Amino acid sequence: MRRILILCGLAVLAPATLLFAGSALGAGSAAATTNAATAVTSTGATVNGTVNPNGQATTYAFQWGLTTSYGNEAPLPPASAGSGSADVPVSLDLGGLASGTAYHFRVIASNASGTATGADETFTTAGSAPTPAAVTTGSASIVTANSAVLNGSVVAGASPTTCSFAYGPTTSYGSLSNPQPVAAGTTSVAMTATISGLSPATAFHYQLVCSSAAGTVSGSDQTTTTLPEPGRIAIAGRRLFISPTGVVGVFVACFGGSTCSGTLSLKSGNTTIAPSAHYTITNEKETVVFSKLTRSALAQLKARHRLTATATAVDTNGSKSAIPFALYRELF
């Protein structure tokens with residue numbers, strides 16, 4: 001009799017135990033299955049999948065792109081797939097795609113127990129693949145010690161294109177100029193970018209890089225070298241002694257990274273008292289620049305023994321030095 005009661009008790013408990021076990025197994029991570037794309041056209045497609053929430057509130061989204069890195073995800077925020085235990089069909093309409101192009105996609109689902117990822121699937125849009133842009137890197141212009149103008153050209157083709165110049169000390173570049181949009185078309189469009197913050201007397205690499213729905217295309221690598229720091233001109237001294245024939249010499253120095261070249265003039269007030277004299281001085285060197293007083297200026301000096309003047313050196317690189325002088329006739 002006792003055995004019969006025990007067996008009856010087990011028979012009563014068994015269904016409850018099974019129900020409890022079934023409930024425990026039913027709530028867990030979501031399941032995600034990627035299905036084939038439908039309604040594929042030259043510019044769009046519908047991507048499909050199935051999500052099972054497995055008894056917990058679950059959201060889903062699709063990822064897609066030209067590679068298995070995808071790069072795109074929608075909807076954002078993810079959409080709800082509910083909290084049931086049955087498979088839920090999900091889909092997303094994609095637009096703005098490139099014709100004749102293969103795309104990868106997958107569905108992902110998330111709930112409190114984790115994230116499930118469907119397998120990668122592909123589809124190819126109808127039509128011909130767009131022609132990549134034709135990109136040419138040109139020569140640099142207006143190169144200074146710290147800046148340069150980079151030049152190039154692009155034929156965008158069937159797709160709108162965005163271009164930038166990559167530049168840096170090596171072919172790894174490291175810096176990009178501001179992006180410039182280029183409309184679709186078959187006409188060559190000139191591209192320029194002014195870059196700054198460069199080091200003087202230093203070579204750097206650059207190339208034009210353009211991206212569109214057809215992919216990214218780079219022009220050839222080019223190099224150019226920035227100029228040395230411009231030299232700065234300086235006049236030294238405050239007293240000048242004149243030869244009996246009116247020859248006067250002004251001490252001029254060049255400081256900086258490049259040669260100084262320009263003209264030296266002498267004036268007393270607004271009156272020029274000697275012809276302009278040209279000079280060329282190697283950087284970090286100095287010289288005496290000679291000129292000869294005009295007859296009237298020499299006559300004034302002989303009569304007064306002293307003549308005030310200003311010596312002005314103007315360099316072709318833009319530097320300038322102006323020093324007031326006193327001219328004396330002490331040597332004759």
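Could you run through region 121-168 and say how many residues are in contact with a His (Cβ under 7 Å, 6 or more places away or on another chain) and not small (Gly, Ala, Ser)? Talk me through it step by step, then tell me what you get.
Looking only at region 121-168, we keep the residues that are in contact with a His (Cβ under 7 Å, 6 or more places away or on another chain), and these are 122, 167-168.
After this cut, where a residue has to be not small (Gly, Ala, Ser) as well, the list is 122, 167.
Total meeting the criteria: 2.
Pick out the one residue from SER139, SER159, SER128 that is under 26 Å from the mean Cα position of the chain (by Cα), assigned to a loop (DSSP other than H, G, I, E, B) and loosely packed, with under 14 Cβ neighbours inside 10 Å. It would help to see each step written out before you state the result.
Numbers: SER159 fails: loosely packed, with under 14 Cβ neighbours inside 10 Å; SER128 fails: under 26 Å from the mean Cα position of the chain (by Cα).
Just one listed residue meets the conditions, SER139.
All but one of (1) farther than 30 Å from VAL135 by Cβ; (2) crowded, with 16+ Cβ neighbours inside 10 Å hold for THR224; which doesn't?
With respect to (1) farther than 30 Å from VAL135 by Cβ; (2) crowded, with 16+ Cβ neighbours inside 10 Å, THR224 is out only on (1).
Which residues, counting only those in region 172-204, are of a type outside the set (A, V, I, L, M, F, W, C) and within 20 Å of ALA134 (Cα to Cα)?
The first filter runs over region 172-204 and keeps only residues of a type outside the set (A, V, I, L, M, F, W, C), leaving 172-175, 177-181, 185-188, 192, 194, 196-197, 199-200, 202.
Correct list: SER177, ASN178, PRO179, GLN180, PRO181, GLY185, THR186, THR187, SER188, THR192.
Give me the residue from region 91-111 that is hydrophobic (A, V, I, L, M, F, W, C) and modelled with pLDDT of 95 or more and, out of that set, surrounded by the most Cβ atoms within 10 Å (Cβ to Cβ). Give the derivation first.
At the first step, the residues of region 91-111 found to be hydrophobic (A, V, I, L, M, F, W, C) are 92, 94, 97-98, 102, 105, 107-109.
Those left that are additionally modelled with pLDDT of 95 or more: 92, 94, 105, 107-109.
On the way: LEU92: 19, LEU94: 21, PHE105: 24, VAL107: 26, ILE108: 21, ALA109: 28.
The extreme case among them is ALA109.
Restricting attention to region 52-90, which residues are among the hydroxyl-bearing types (Ser, Thr, Tyr) and loosely packed, with under 15 Cβ neighbours inside 10 Å?
Quick first cut of region 52-90, residues among the hydroxyl-bearing types (Ser, Thr, Tyr) only: 58-60, 67-70, 80, 83, 85.
THR67, THR68, SER69, SER80, SER83, SER85, listed by residue number.
Residues checked against (1) under 28 Å from ASN283 (Cβ atoms); (2) crowded, with 17+ Cβ neighbours inside 10 Å; (3) polar (S, T, N, Q):
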| residue | (1), (2), (3) |
| --- | --- |
| GLY185 | no, no, no |
| LEU198 | yes, yes, no |
| ALA203 | yes, no, no |
| ARG232 | yes, yes, no |
| GLY237 | yes, no, no |
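Listed here are the residues, each with its yes/no results for (1) part of a strand (DSSP E or B); (2) of a type in the set (A, V, I, L, M).
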{"position": "THR33", "(1), (2)": "yes, no"}
{"position": "ALA37", "(1), (2)": "yes, yes"}
{"position": "VAL47", "(1), (2)": "yes, yes"}
{"position": "THR50", "(1), (2)": "yes, no"}
{"position": "GLN56", "(1), (2)": "no, no"}
{"position": "PRO75", "(1), (2)": "yes, no"}
{"position": "GLY84", "(1), (2)": "no, no"}
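Each row is one residue, and each column tells you yes or no for (1) in the same structural domain as LYS302 (by TED's automatic domain parsing); (2) part of a loop (DSSP other than H, G, I, E, B); (3) surrounded by 15 or more Cβ atoms within 10 Å (Cβ to Cβ).
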residue	(1), (2), (3)
ASN178	no, yes, no
THR192	no, no, yes
LEU208	no, no, yes
THR216	no, no, no
LEU240	yes, no, yes
GLY249	yes, no, yes
VAL252	yes, no, yes
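List every residue pair whose Cβ atoms lie under 9 Å apart, where the two residues are 6 or more positions apart in sequence or sit on different chains, the first residue falls within region 136-160 and is closer than 17 Å to SER177 by Cα, and the second residue, located anywhere, is part of a loop (DSSP other than H, G, I, E, B) and among the charged types (D, E, K, R).
Pairs found: THR137/ASP221; ASN146/GLU229.
The values are calculated or read from the model by the stated rules, or taken from the named source; none is laboratory data. From a predicted model like this one, the values you see are computed outputs, not experimental measurements. In this analysis, Cβ positions are derived from the backbone assuming ideal geometry, glycine residues included, and neighbour counts consider all displayed protein chains.
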